[in-house]
Amino acid sequence: MRAIETKVYKFDELSEEAQQRAIENSFHFNVEPDWWEVVYEDADRIGLKITSFDIYKSHIEGEFIESAQDTIDKIKENHCVHCETYKTAIEYDGKLLIPDMYEDDEDNEFQDGFIENEGAAAEFLYSLLEDYLIKLRNEYEFQTSEENIKGSLIANEYEFTEDGEKV
């Protein structure tokens, strides 16, 4: 039988070169498996369901869970006035509801004599999804930043060999 003894180090004990190697080897550490959940949960709280996205191809799809106006109301209640989603909601607030010319028509959904303008709702959905694509891109960039990876390696108390390989 043969025994091999290896010295192990905390991240802060590594040389700068070994720390850089540890960070590079851990690039996807914070984005596995479902790094986007926090953004999806935020969207869900305001009445938006994101169904797919690709930050590399700048593509996102989704739909309103309720009405577009309900989503605007939830954004105004829950998001900061400096958020892009808030600015988008304010831009479309007041544009979504139009007088219902056919109140007696059972096919039209109306609320106190108004119906949702489908064109404006579609534009609002597109703009809001673009805002969430930016949120997803920013979250990914944050999770894969050197500073955040370093923080995760330290917080999780990983140990490394002298050259920065995780043990």
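Overview of values
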{"quantity": "3J(HN,Hα) from dihedral phi, the stretch 126-142, Karplus parametrisation 6.51/-1.76/1.60, rounded to Hz, x for glycine, proline", "calculated": "4, 5, 5, 5, 4, 4, 6, 5, 5, 4, 5, 4, 5, 5, 4, 4, 5"}
{"quantity": "For the stretch 20-99, accessible area per residue (1.4 Å probe, heavy atoms of protein chains only), Å²", "calculated": "59"}
{"quantity": "Exposed-site-free run, longest, the chain (rule: trypsin sites (Lys or Arg not before Pro); DSSP loop; at most 16 other C-beta within 10 Å)", "calculated": "96-167"}
{"quantity": "Given charges at Cβ of Lys, Arg, Asp, Glu: the stretch 1-85 dipole, positive-most of ASN78, VAL8, GLN20", "calculated": "VAL8"}
{"quantity": "Volume per residue that the Cα convex hull of the stretch 3-47 spans, once the total is divided by residue count, Å³", "calculated": "128"}
{"quantity": "Out-of-range pairs (alpha-carbon distance over 25 Å; input LYS87/LYS135; LYS49/LYS76; LYS76/LYS135; LYS10/LYS135; LYS57/LYS95)", "calculated": "LYS10/LYS135; LYS57/LYS95"}
{"quantity": "Most positive-pole-ward Cα, LEU128, GLN143, ILE154, against dipole of the chain from beta carbon charges", "calculated": "ILE154"}
{"quantity": "Cα coordinate range in the stretch 1-150, projected on the principal axes (Å, largest first)", "calculated": "88, 36, 26"}
{"quantity": "Average Cα contact separation per residue, the chain, under 8 Å, 6 or more apart, as relative contact order %", "calculated": "36"}
{"quantity": "Residue-count net charge about THR161 - beta-carbon cut-off 14 Å; Lys, Arg +1, Asp, Glu -1", "calculated": "-3"}
{"quantity": "Loop-located chymotrypsin sites (Phe, Trp or Tyr not before Pro) in the stretch 10-94 whose Cβ has at most 13 other Cβ within 10 Å (DSSP)", "calculated": "PHE27, TYR56"}
{"quantity": "Amide H partners (placed H, <5 Å) of GLU159, local residues excluded", "calculated": "VAL167"}
{"quantity": "Under DSSP loop assignment and at most 15 Cβ neighbours within 10 Å, longest GluC sites (Glu not before Pro)-free interval of the chain", "calculated": "6-65"}
{"quantity": "Distant-in-sequence amide H partners of LEU97 (H built 1.01 Å from N, under 5 Å)", "calculated": "ASN117"}
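The values are calculated or read from the model by the stated rules, or taken from the named source; none is laboratory data. Just so it is clear, the structure is predicted and the values come from calculations on it, not from any experiment. In this analysis, Cβ positions are derived from the backbone assuming ideal geometry, glycine residues included, and neighbour counts consider all displayed protein chains. Calculation scope for accessible area: heavy atoms of the full protein, side chains included, ligands and nucleic acids excluded. Shrake-Rupley method; radii C 1.70, N 1.55, O 1.52, S 1.80 Å.
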